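Novice: Okay, handing you the structure first.
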Amino acid sequence: MKTIVVGYDGSEAAERALVRASEVARAFSAQLVVVSVSGSVHVPGAVSAFEPGAVLVPPAAAGPAATDGTMALPEPHSEPALPTLEELARRQLRRAQVLLRGKRVDAEYVVEVGDPVERLLEVAHQRDADLIVVGSRERGFLERLLGHGVDEAVARRAHRDVLLVH
């Protein structure tokens, strides 16, 4: 065994998979390729007018109107920029690096953007991985009803060995 690819998304299941993959990599002196795939960003919704603390009228605009019937609106304050998909994946990989400190394993960290199953399988193909390791967790009824998780999809579609870590 020369190359092991492990999917990492920062979840508890992914952390268990990362630890197990590092143990296998160390036992076989294999290279560990840690892949973090970011596929979507949570975009916060609009603030409800009924939410406590919501400002409906900016304080500067609430004062008296100018005599010519116009009212100057305040400059909109700038919101902090949302991180890019690549940055989200990099943040996850930094956590993976911390978890692997002192494990004495040769690790490479790969940032991917897109569908987690597709990207993980593509990296495994590109690296000719001997093993793909993914974390698995118990899904609730609704999750089972709506579809399979990444772990199950990788196991079904991979053309190489897959280790599901519970």
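Novice: So, VAL162, is that one touching a Gly at 6+ places or on another chain (Cβ under 9 Å), among the aliphatic types (A, V, I, L, M) and at pLDDT 95 or above or not?
Specialist: No, not satisfied.
Novice: Go through (1) surrounded by 10 or more Cβ atoms within 10 Å (Cβ to Cβ); (2) at pLDDT 80 or above and name the single condition VAL41 misses.
Specialist: (2)
Novice: Among the candidates VAL134, VAL111, single out the residue that is at pLDDT 90 or above, in contact with a Leu (Cβ under 7 Å, 6 or more places away or on another chain), buried (at least 16 other Cβ atoms within 10 Å of the Cβ) and closer than 19 Å to ARG16 by Cβ.
Specialist: VAL134
Novice: Of these, ALA124, ALA153, which one is at pLDDT 95 or above, of a type in the set (Gly, Ala, Ser) and not in a loop (DSSP other than H, G, I, E, B)?
Specialist: ALA124
The values are calculated or read from the model by the stated rules, or taken from the named source; none is laboratory data. Treat the numbers as computed from the prediction; the structure is a model and nothing was measured. Counting neighbours? That spans all protein chains shown, and the Cβs are built from the backbone with ideal geometry, glycine included.
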